There are 2 protein chains.
Amino acid sequence: MIGVFDSGLGGLTVVKELHRQMPGYRIAYFGDTARTPYGGKSKELISQYALEDARFLVSRGAQIIVVACNTASAVAMGTLRAELPVPVWEVISPAVAAAVKVTKGRIGLIGTRATVGSGTYQHHLEIEAPEAEVFAEPCPLFVPFVEEGWHRSKAVREVARTYLNQLKLRRIDTLILGCTHYPFLRPVIAAAVGKGVRLIDPARETVAALKRHLAVNPELAKSLDRVGSDSYTVSDRTDQFARIASDWLGRPVELETVRLG
Amino acid sequence: MIGVFDSGLGGLTVVKELHRQMPGYRIAYFGDTARTPYGGKSKELISQYALEDARFLVSRGAQIIVVACNTASAVAMGTLRAELPVPVWEVISPAVAAAVKVTKGRIGLIGTRATVGSGTYQHHLEIEAPEAEVFAEPCPLFVPFVEEGWHRSKAVREVARTYLNQLKLRRIDTLILGCTHYPFLRPVIAAAVGKGVRLIDPARETVAALKRHLAVNPELAKSLDRVGSDSYTVSDRTDQFARIASDWLGRPVELETVRLG
């Protein structure tokens, strides 16, 4: 089966894309809600947590791991690729490839403090599009706004204006939404950065890339489990999480709880 | 020494009050920054984390524990008092006693989702002031705003208006700031709830109560260590945390890192 993990529930956006673009594949999801969020924590700690999350999914039978979390993708890939016995997909390279394809040369990046501070997106962009200019801005308040369900509030529009004004002034033409939660704020972000800016959703691009990969690797595709239902596991369960999970996926979600570490 | 813990750095407001009201006592602080925040997590998990935090401080020689975190005070006191070999102070009873002393009968309470949802403040208020009316409102976005350093932003004023409008309409006369971070938002909160509302800061009231307690318990007071410097330990260290800690305490803070659990 395909294992997907995130620091919390944001990675369900990747699950939603899997359902949409690759229906039929069996998914095991893990959300580390006991230690969420990762975005303001240290590189070493995020790597340790990410490895524990991924190992749990492998122990449940995952044959491929998708790191839905941009923060873990930005800082933990070295650890994950070295330590795990299965292929690991992150969300950064597909998002960068998509941005490079459409940009006219001025690319914006937003994400958590850890994601932006790691320089991983910037490094990939430098390799793929050395002539492009890149402008990055951490936006730590966006995640709590989405989790509070205030996607369309006046306050979040004000926050977006403050965070994104510099990117607007730099006349970016493409913006990478470098955090699983940000696609929920798409209209607010689009309004704040100005007209004509292409918004790149790493969840969508990653699933599209995985789908292409399986199309040219029929052996791997055939080996993936397509029987049985999806499973959703969290390290801490609250009613708030359960409600958000069902809302986001548009179907009832049974959350199992497992403590890690 | 006096052990103080919190889910993160918010509990430094208690340390600041200790420095102000009880200078000279030696303090050991622990902030669980690897698992912060607690406010949206489950009762069981918060109790487990709080016990690990407190046990760490006892292992370092704390002779008394102050639970600076309102969330842990609201849900974990049963566990902490049963399991720890030293006296445990929480921030709720002193805050309630102070509120009851000044109210004319209409008390507001704000805090994290876990604090408000636990009903602990409401239960104490019911016992201490059965005739008072209590109106409670969780305000989950306040903590991220304080941690982002946006205490005085237009956006946080908008958020405060949205959260506190109901309390204003109920004509509360007293408001308990039931989270360690909220005193940083005092001017914003005061403006949003309207004139003449008394704001109660649990950190200040708890330290005042502890000071009175030591005055009438000279044996306990004498047993507390007053030699040596304070220590500050976190379960995850980032530059952001280090900067906030020094800013809040108004002195350079050396953060030691220890992994728990």
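The values are calculated or read from the model by the stated rules, or taken from the named source; none is laboratory data. Computed from a predicted structure; not experimentally measured. Cβ coordinates were reconstructed from backbone atoms using ideal geometry, including for glycine residues, and neighbour counts include every protein chain displayed.
Scanning region A:88-128 for residues that are more than 21 Å from A:Ala203 (Cβ to Cβ) and of a type in the set (A, V, I, L, M) returns a single hit, A:Ile127.
Of the residues making up region B:1-41, those that are in contact with a helix residue (DSSP H, G or I) (Cβ under 8 Å, 6 or more places away or on another chain) and among the hydroxyl-bearing types (Ser, Thr, Tyr) are B:Ser7, B:Thr13, B:Tyr25, B:Tyr29, B:Thr33, B:Tyr38.
Any residue that is within 14 Å of another protein chain (Cβ to nearest Cβ), under 19 Å from A:Asp32 (Cα atoms) and either surrounded by fewer than 23 Cβ atoms within 10 Å (Cβ to Cβ) or hydrophobic (A, V, I, L, M, F, W, C) (or both) - is there at least one of those in region A:78-99? Within region A:78-99, none of the residues are within 14 Å of another protein chain (Cβ to nearest Cβ), under 19 Å from A:Asp32 (Cα atoms) and either surrounded by fewer than 23 Cβ atoms within 10 Å (Cβ to Cβ) or hydrophobic (A, V, I, L, M, F, W, C) (or both). Of all the criteria given as (1) assigned by TED's automatic domain parsing to the domain that holds A:Phe30; (2) touching a residue at least 40 places away in the same chain (Cβ under 8 Å); (3) not in a loop (DSSP other than H, G, I, E, B), the one not satisfied by A:Leu175 is (1). Applying the criterion of being more than 9 Å from chain B (Cβ to nearest Cβ) and touching a Gly at 6+ places or on another chain (Cβ under 6 Å) to the residues of region A:30-61, the residue that is surrounded by the most Cβ atoms within 10 Å (Cβ to Cβ) is A:Gly31. Is it true that some residue in region B:64-74 is under 18 Å from the mean Cα position of the chain (by Cα) and surrounded by fewer than 24 Cβ atoms within 10 Å (Cβ to Cβ)? Within region B:64-74, one or more residues are under 18 Å from the mean Cα position of the chain (by Cα) and surrounded by fewer than 24 Cβ atoms within 10 Å (Cβ to Cβ). The sole residue among A:Tyr38, A:Tyr25, A:Tyr29 that is under 11 Å from A:Tyr232 (Cα atoms), in contact (Cβ under 8 Å) with a residue 60 or more places away in the chain and assigned by TED's automatic domain parsing to the domain that holds A:Ser229 is A:Tyr29. The selection criterion, being on the phi < 0 side of the Ramachandran plot, among the aliphatic types (A, V, I, L, M) and free of Cβ contacts under 8 Å to residues at least 60 places away in the same chain, does not hold for A:Val234. Is one or more of the residues making up region B:147-169 more than 14 Å from chain A (Cβ to nearest Cβ), of a type in the set (Phe, Trp, Tyr), surrounded by 18 or more Cβ atoms within 10 Å (Cβ to Cβ) and not in a loop (DSSP other than H, G, I, E, B)? No, region B:147-169 contains no residue that is more than 14 Å from chain A (Cβ to nearest Cβ), of a type in the set (Phe, Trp, Tyr), surrounded by 18 or more Cβ atoms within 10 Å (Cβ to Cβ) and not in a loop (DSSP other than H, G, I, E, B). When residues in region B:193-242 are screened for being small (Gly, Ala, Ser), within 14 Å of chain A (Cβ to nearest Cβ) and buried (at least 22 other Cβ atoms within 10 Å of the Cβ), 1 of them pass. Consider A:Val188 carefully, then state whether it is out of contact with any strand residue (DSSP E or B) (no Cβ under 7 Å at 6 or more places or on another chain), over 21 Å from A:Ala98 (Cα atoms) and modelled with pLDDT of 95 or more. Criteria met by A:Val188. Scanning region B:1-17 for residues that are more than 10 Å from chain A (Cβ to nearest Cβ) and in a loop (DSSP other than H, G, I, E, B), we see that the one that is farthest from the chain's Cα centre (by Cα) is B:Met1. Of all residues assigned to region B:171-188, none qualifies as being at the interface with chain A (Cβ under 10 Å from one of its Cβ atoms) and among the small types (Gly, Ala, Ser).
Identification of helices (runs of 4 or more DSSP H) wholly contained in region B:195-261 with 1 or more residues that are within 30 Å of B:Asp173 (Cα to Cα) and at pLDDT below 90 yields B:239-249.
Note on region A:107-140: among residues that are part of a helix (DSSP H, G or I) and small (Gly, Ala, Ser), the one that is surrounded by the most Cβ atoms within 10 Å (Cβ to Cβ) is A:Ala114.
If we scan region A:119-131, do we find a residue that is modelled with pLDDT of 95 or more, in contact with a helix residue (DSSP H, G or I) (Cβ under 8 Å, 6 or more places away or on another chain), more than 14 Å from chain B (Cβ to nearest Cβ) and under 19 Å from A:Arg186 (Cα atoms)? Checked region A:119-131: no residue is modelled with pLDDT of 95 or more, in contact with a helix residue (DSSP H, G or I) (Cβ under 8 Å, 6 or more places away or on another chain), more than 14 Å from chain B (Cβ to nearest Cβ) and under 19 Å from A:Arg186 (Cα atoms).
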